[in-house]
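Everything below concerns the one structure shown next.
The values are calculated or read from the model by the stated rules, or taken from the named source; none is laboratory data. Note that the structure is a prediction, hence the values are computed from the model and not measured. Here Cβ is always computed from backbone atoms with ideal geometry, including for glycine, and neighbour counts include all displayed protein chains. Areas reflect the complete protein model, heavy atoms only, side chains present, ligands, DNA and RNA absent. Shrake-Rupley method; radii C 1.70, N 1.55, O 1.52, S 1.80 Å.
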Amino acid sequence: MSTSTTDTPAAPVVPATAGDPSPRGQAPEPPEPPERRRRRRSPGAIALDGGLYVTLVLAALVMAFPLIWMLLASFKSNPEISTWPIQWLPQEWNFDNFIAVANSIPIGRMIFNSVFITVVSTFLKVVLGLACAYALVFVDVPFKKLAFMLVLFTLLIPGQITIIPNYVLVAGLDWTNTYLGIILPGLASAFGTFLFRQQFMQLPRSLLEAAELDGAGHLRRLFRVVVPISVPTIAAVTLVTLVGEWNEYLWPSLVAKSPDLMTLPVGLTHLQDLEGIQNWGVLLAATTLLKLPMLAVFLVLQRRLVAGLTAGAVTG
């Protein structure tokens with residue numbers, strides 16, 4: 001019985017030459033790529049990195065300390081909060097301060113008002129900013145540059161200056177103590193329009209021209225072509241607007257006269273004791289309820305925020 005064997009290709013043999021240190025019959029090893037070589041860092045560079053890390057940790061502690069203290073103090077009684085030296089952790093983890101908040105103010109109604117006003121205002125602001133920026137970039141209308149300059153000029157005007165004219169207008173229309181009076185005067189967003197316009201300037205015109213050849217109108221081009229490729233910028237504007245609307249205090253406190261229309265920041269003022277000793281535990285518990293939703297939203301959208309804010313940075 002005969003057996004058959006499979007021939008395997010032999011490795012190339014390099015003949016030995018004079019002065020070649022490699023043994024005869026073995027291929028020389030390829031040189032190590034330059035990127036794999038470990039770079040030696042100077043002591044000055046290592047010390048600089050160490051200083052930057054220490055600065056970063058200190059800055060993070062300074063910014064996070066008020067939030068940590070607010071959260072811990074919301075579980076403490078007044079004597080525990082004012083104890084010296086500072087008592088960091090509460091003796092008992094109970095929810096008495098949160099129960100006191102629920103018994104003092106209509107917290108459920110205020111949470112609903114804050115969520116409703118924040119969501120509606122943010123949605124309308126983003127949509128109006130998208131439409132305005134689209135018109136400034138892709139629609140041939142006269143005086144576009146002048147209109148954009150006016151939008152930029154409004155960024156220089158503090159919001160407090162427009163409080164009195166807006167209130168006179170809302171009172172004249174009998175919109176005080178209504179959701180319409182709280183939401184409508186602040187719908188124009190110069191910041192969102194500016195950021196969307198810078199993002200749209202980077203988009204290739206060929207996409208819009210192809211959609212136009214397919215018969216798409218302006219609304220379809222905006223919401224089917226432009227919006228899907230501008231998600232990071234939209235997320236950044238949405239996050240900034242959400243935080244601003246959620247924390248807004250001055251305008252809702254002027255327009256909302258009834259507790260049924262008050263938001264959480266306005267409701268916190270009803271917990272202040274103007275005649276006796278302030279109950280800081282109850283006040284900090286209510287502040288915790290106010291801040292936690294925005295912290296959760298920020299943690300979810302923080303990556304989109306940086307990408308969106310820098311998306312139009314190189315556009316003139």
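Tabulated results
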item: Residue within region 287-296 that is outside any helix (DSSP H, G or I), at pLDDT 85 or above and not aromatic (F, W, Y) present; result: no
item: Output for region 256-286, where each listed residue is acidic (D, E) and either at pLDDT 80 or above or under 21 Å from L67 (Cβ atoms) (or both); result: D260
item: Residue in region 185-241 that is modelled with the highest pLDDT, counting only those that are closer than 14 Å to V126 by Cα and open to solvent by 80 Å² or more (accessible area, probe 1.4 Å); result: F223
item: From the options F65, F75, residue that is surrounded by 15 or more Cβ atoms within 10 Å (Cβ to Cβ) and farther than 29 Å from G192 by Cα; result: F75
item: Every residue from region 244-269 that is part of a helix (DSSP H, G or I), touching a residue at least 24 places away in the same chain (Cβ under 8 Å) and among the hydroxyl-bearing types (S, T, Y); result: none
item: Any hit, region 211-220, residues being over 20 Å from A147 (Cα atoms) and either touching a Ser or Thr at 6+ places or on another chain (Cβ under 9 Å) or touching a residue at least 24 places away in the same chain (Cβ under 8 Å) (or both); result: no
item: Qualifying residue in region 103-122 (condition: open to solvent by 40 Å² or more (accessible area, probe 1.4 Å), more than 24 Å from G244 (Cα to Cα) and at pLDDT below 90); result: yes
item: Residues (more than 29 Å from F153 (Cβ to Cβ) and either part of a helix (DSSP H, G or I) or touching a helix residue (DSSP H, G or I) at 6+ places or on another chain (Cβ under 6 Å) (or both)) located in region 180-222; result: S206, L207, E209, A210, A211, E212, L213, R220
item: Hits in region 242-272 - residues which are β-branched (V, I, T) and either in contact with a strand residue (DSSP E or B) (Cβ under 9 Å, 6 or more places away or on another chain) or open to solvent by 30 Å² or more (accessible area, probe 1.4 Å) (or both); result: V243, T269
item: Residue list for region 107-135, restricted to those being in contact (Cβ under 8 Å) with a residue 24 or more places away in the chain and over 25 Å from the mean Cα position of the chain (by Cα); result: I107, R109
item: Which listed residue is exposed (fewer than 15 other Cβ atoms within 10 Å of the Cβ), touching a Leu at 6+ places or on another chain (Cβ under 8 Å) and part of a loop (DSSP other than H, G, I, E, B), from W93, W84, W88; result: W88
item: Residue under evaluation V170, criteria (1) closer than 30 Å to N247 by Cα; (2) modelled with pLDDT of 90 or more; (3) surrounded by 14 or more Cβ atoms within 10 Å (Cβ to Cβ); (4) under 29 Å from the mean Cα position of the chain (by Cα), criterion not met; result: (4)
